[in-house]
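The values are calculated or read from the model by the stated rules, or taken from the named source; none is laboratory data. These numbers come from a predicted model, not from an experiment. Ideal geometry is used to build each Cβ from the backbone, glycine not excepted, and the neighbour counts take in all protein chains shown. We work out accessible area using only protein heavy atoms, side chains counted, and drop any ligands, DNA or RNA first. Shrake-Rupley method; radii C 1.70, N 1.55, O 1.52, S 1.80 Å.
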Amino acid sequence: MDYSSIAIIYNPNSTGSSKTMAEDFKKGIEDRMPTQKIKLMPTKYAGHGEKLAYKIAKRSKNPLIFSSSGDGGYNEVVNGAMKAQNKGYAPTTGLLPAGNANDHYHNIHTDEIIDLIITNKPKRIDLLHISYTDNKKTKHRYAHSYIGFGISSMASQELNKTKLNRFNEAWLVIRTLFTINPVTLKIDQEAKKYDSVIISNVDRMSKYLTVSHPSDVNDGLFEVTISRHEHKLKLIALILRASLIKLKEDKRTDTFSLDTVEKTVAQTDGEVLNIDANTHVDITIEKQILNCFV
């Protein structure tokens, strides 16, 4: 299938393989789809990928928008594509795994991407949707893999900076424990301290931390894994278990709500959200809402 356009968004300043992977992929498509229009598009600043994806989706009838990046860069493309899709446009997204973690890619990748494009076999996936009020305005953001509060949001920032293996990943998370405090959230109308609350659409967070039993990215459900505030040693044991074995989710659902008690940081894939105190947060799943090649 020929798309009206194929754009590959990449970060020219990335310490990883973002640019190289984008260039190699462009050549691979040109070799096998010589009539296809394709363009490399470098980003200039954080958040630029979202703006580029939105503009591309509005300009073309059926564009294919790739992100050569980690989870954060792909999050930008997904949010830009969804902003356009919610206005009646029809973009398809794609991911080239140029980051450290690439949770989404490692959880759902099965076949060679160019083969899937040629045979027109995109995946139809669910997206997590978070909404909350900021300065009296309701904000909406999408996540392809997870939304995290507490240590999950802080640790994932560190994990995305480092080339990982099973053991240094666990060590980075443990090291992060000694620099953060638990987050106070109101869940089921009761305010408590939590070390971590993870809402996930995939069962692995980063390459090696397994945060739930096997999940499905198109079943209309997500997993919620909650860790009440514990002594640091108990939390270390929990993280080692997530790295070496796996955790079990507390619930599998299609909706979850909480209220912040204090100013709180949340992480949606690679994006950091600063949420004010005393803010109601709703998290839902939008079933099979987006076409993508991963």
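In table form, for the structure just shown:
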| item | result |
| --- | --- |
| Residues of region 27-37 satisfying the condition of being under 15 Å from Ile113 (Cα atoms) and open to solvent by less than 50 Å² (accessible area, probe 1.4 Å) | Gly28, Ile29, Met33 |
| Total residues in region 132-144, condition at pLDDT 90 or above and open to solvent by less than 60 Å² (accessible area, probe 1.4 Å) | 5 |
| Where Leu233 falls short, out of the listed (1) under 22 Å from the mean Cα position of the chain (by Cα); (2) more than 23 Å from Tyr142 (Cβ to Cβ); (3) at pLDDT below 60; (4) not β-branched (Val, Ile, Thr) | (1) |
| Filter pass, Asn13 being in contact with a Ser or Thr (Cβ under 8 Å, 6 or more places away or on another chain) and surrounded by fewer than 18 Cβ atoms within 10 Å (Cβ to Cβ) | no |
| Verdict on Ser14 being over 18 Å from Lys123 (Cα atoms), of a type outside the set (Lys, Arg) and either part of a strand (DSSP E or B) or at pLDDT below 95 (or both) | yes |
| Of the criteria (1) at pLDDT below 95; (2) more than 18 Å from the chain's Cα centre (by Cα), which one Asp24 fails | (1) |
| Residue count, region 93-131 (criterion: hydroxyl-bearing (Ser, Thr, Tyr), at pLDDT 95 or above and open to solvent by 10 Å² or more (accessible area, probe 1.4 Å)) | 1 |
| Within region 255-274, considering residues that are of a type in the set (Asp, Glu) and closer than 18 Å to Pro182 by Cα, the one most open to solvent (accessible area, probe 1.4 Å) | Glu262 |
| Subset of region 17-61 [of a type outside the set (D, E, K, R) and assigned to a loop (DSSP other than H, G, I, E, B)] | Ser17, Met33, Pro34, Thr35, Gln36, Thr43, Tyr45, Ala46, Gly47, Ser60 |
| Region 20-55, residues that are of a type in the set (S, T, N, Q) and more than 20 Å from Asn75 (Cβ to Cβ) | Thr20, Thr35, Gln36 |
| Qualifying residue in region 61-84 (condition: under 26 Å from Gln267 (Cα atoms), over 20 Å from the mean Cα position of the chain (by Cα) and open to solvent by 50 Å² or more (accessible area, probe 1.4 Å)) | no |
